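Working notes, beginning with the structure itself.
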Amino acid sequence: MSKMNLRKVFVSLVLIGAGFVTNLLAQNITSDPLVLDMVHHNPGEKPYDTQYNDPAFIKDMGYNGKVYFLFESPALAISWESVDADILPKGSDDRKWVDEKAAQIKKMYAASKAQGMDVYAMSDLVLFPKRLIEKYNMEETFGDPNNPLTAKFIRAQIKEIFTQFPAMDGLVVRIGETYLHDAPFHKGSILDRQNADNTIIPLMKILREEICVKLNKKLIFRTWRSFDVKMDTYMKVNDAIEPHENLTISVKQCEGDFHRANAFSKVIGQGRHKQIIEVQCAREYEGKGAYPNYIANGVIDGFEEHKSMPEEKINSLSEFVEKRPALYAGVWTWTRGGGWDGPYIKDEMWCDVNAWVMAQWANDPKQSEESIFNRYATERIHLQGEDVAKFRKLCLLSADAVVRGRNTTYRDMMPSWTRDQGMAWPGCPKDPVAQQRNLDQKDESIAMWKEIVKLAKAIRWENEEARSHAIGSAVYGLRLYKIYRSLVYMAYADSKGDKKEVKKWIKAYDKAWDSYNKLTEEYPLVASLYTKEYKRHFRASADEKVNKLRCDK
């Protein structure tokens, strides 16, 4: 054989080997992903009474681990005795509270371990007992991981967490926010949470060393409100932190919070660290499961608003796994919760379809979303024949109706104008093209919701209870989105100074609310309702603006 032929054979073997290694790597990466779930209880309220609190239930759905919420975290339940017995002295009110919290969460963790589930807990950092902060005069410094005393206590805290709670497989760390609603004896702070050099990198280095290296436990570090939006910040952290098999970065599937029309997260698939993707199944800006809202298809295969992006960009989880398989660590869903207050649901089907499809896909991303969805329809809610196709059409339509009804596919509105159980004045785009598109899409949304109601009525549900909930929740969506439409048209008319048109839409608004408020009488299984007065996150409710317009002669 000539040298030229030998060279060709050698190159071919190398290429074949490289392809084999690449395929093997992809297979190894996705063969044992993290498939985690968390119930995000409303801070300061009684925890959700939900089937997803049960480790056996979520294991049956395909999950292999449970993330316990902030107030089920051992960061609130360690004794600190290895550091200083005076921090939480025995017999004190705070020590009694901590001991009771420890007993409560140990029971929870044991239930997960009994099912063979991995146990994770989410904690805000930095979070210390108030007595510790006061005793060591750390009021101004304890939120700074560069402070030597802060760093010392973080290291001690980590050691106590995993010593006193040996069932823990890993810790999920959040620095983007600090909730203290159910933590009366602790105080939290993080200084300059978006600063890679002064905050993120120093803290991550401490946690990597203490958790991943010394203890051989898992660390999931969340990017939320810290290094999730700015690529240069993410890459600075990426470059400064050495990868470790026990370290995973957690990223929400879209830019910022869980809003439709927000861009797919630009940091997904970037850098060298494994990433787990956060998915909210009962979305706080979109009814929390009160009405049909199927997001699993869009998360997996791409929402319609993302499909016009450049081909080289990653715009879905399937593209992430396809293009950067070595970085795919799994999926972390929130089956319930996020946000505050209501609506409070009585039936969890609309959360369940999102969660079940996401969990099944996360375990084996080679499956198509549609095949998993069809299995859900037949295996989990026991639909048959043509009803499976009707249910899929209903669910896909719900995604289209939601984005058009509360925003547009071009993100022409501020996305947080309605959330939880209320709505603020929506305002309207200044650009004339965007204005008209916004109005058109509100009309399109209502047409889609009418079709969703027809489909819900046409499907042969498993029993009368399932039928009543499905139809009632579809009608819930239709009537709520009629309120949305009336506000958007009213805001547009007001911006033009068209008082006659404003009055017309005030009448439509009143009629829509009257119809919406009758839902619970007609359909007893629907969720609690939005209220006109709600304004936890708003300077004023939409209804306050409407009432001012009523008086405008």
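Here are the numbers:
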{"quantity": "Residue identified as under 17 Å from the mean Cα position of the chain (by Cα), touching a residue at least 60 places away in the same chain (Cβ under 8 Å), at positive phi and outside any loop (DSSP other than H, G, I, E, B) among 330, 339", "calculated": "330"}
{"quantity": "Pairs where the first residue, in segment 379-391, is under 18 Å from residue 297 (Cβ atoms) and open to solvent by 50 Å² or more (accessible area, probe 1.4 Å) and the second is not in a helix (DSSP H, G or I) and not acidic (Asp, Glu), C-beta under 7 Å, 6+ apart", "calculated": "390/459"}
{"quantity": "Given (1) under 24 Å from residue 278 (Cα atoms); (2) out of contact with any Lys or Arg (no Cβ under 9 Å at 6 or more places or on another chain); (3) touching a residue at least 60 places away in the same chain (Cβ under 8 Å), index of the condition residue 169 fails", "calculated": "(2)"}
{"quantity": "Flag for residue 495 being closer than 24 Å to residue 425 by Cα, of a type outside the set (Lys, Arg) and open to solvent by 50 Å² or more (accessible area, probe 1.4 Å)", "calculated": "yes"}
{"quantity": "Residue list for segment 180-199, filter: in contact (Cβ under 8 Å) with a residue 60 or more places away in the chain and assigned to a loop (DSSP other than H, G, I, E, B)", "calculated": "181, 182, 183, 184, 185, 189, 190"}
{"quantity": "Checking residue 462 against (1) in a helix (DSSP H, G or I); (2) in contact with a His (Cβ under 9 Å, 6 or more places away or on another chain); (3) not hydroxyl-bearing (Ser, Thr, Tyr), the condition it does not meet", "calculated": "(1)"}
{"quantity": "The one condition in (1) open to solvent by 20 Å² or more (accessible area, probe 1.4 Å); (2) more than 21 Å from residue 42 (Cβ to Cβ); (3) without any contact (Cβ under 8 Å) to a residue 40 or more places away in the chain that residue 110 fails to fulfil", "calculated": "(3)"}
{"quantity": "Residue within segment 297-311 that is of a type in the set (Ser, Thr, Tyr) and buried (at least 18 other Cβ atoms within 10 Å of the Cβ) present", "calculated": "no"}
{"quantity": "Condition met for residue 177 (farther than 27 Å from residue 275 by Cβ and touching a residue at least 12 places away in the same chain (Cβ under 8 Å))", "calculated": "no"}
{"quantity": "Residue list for segment 299-324, restricted to those being of a type in the set (A, V, I, L, M), under 22 Å from the mean Cα position of the chain (by Cα) and more than 15 Å from residue 396 (Cβ to Cβ)", "calculated": "314, 317, 321"}
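The values are calculated or read from the model by the stated rules, or taken from the named source; none is laboratory data. Note that the structure is a prediction, hence the values are computed from the model and not measured. Positions of Cβ are generated from backbone atoms using ideal geometry, with glycine treated the same way; all protein chains shown enter the neighbour counts. These area figures cover heavy atoms from the full protein model, side chains too; ligands, DNA and RNA do not enter into them. Shrake-Rupley method; radii C 1.70, N 1.55, O 1.52, S 1.80 Å.
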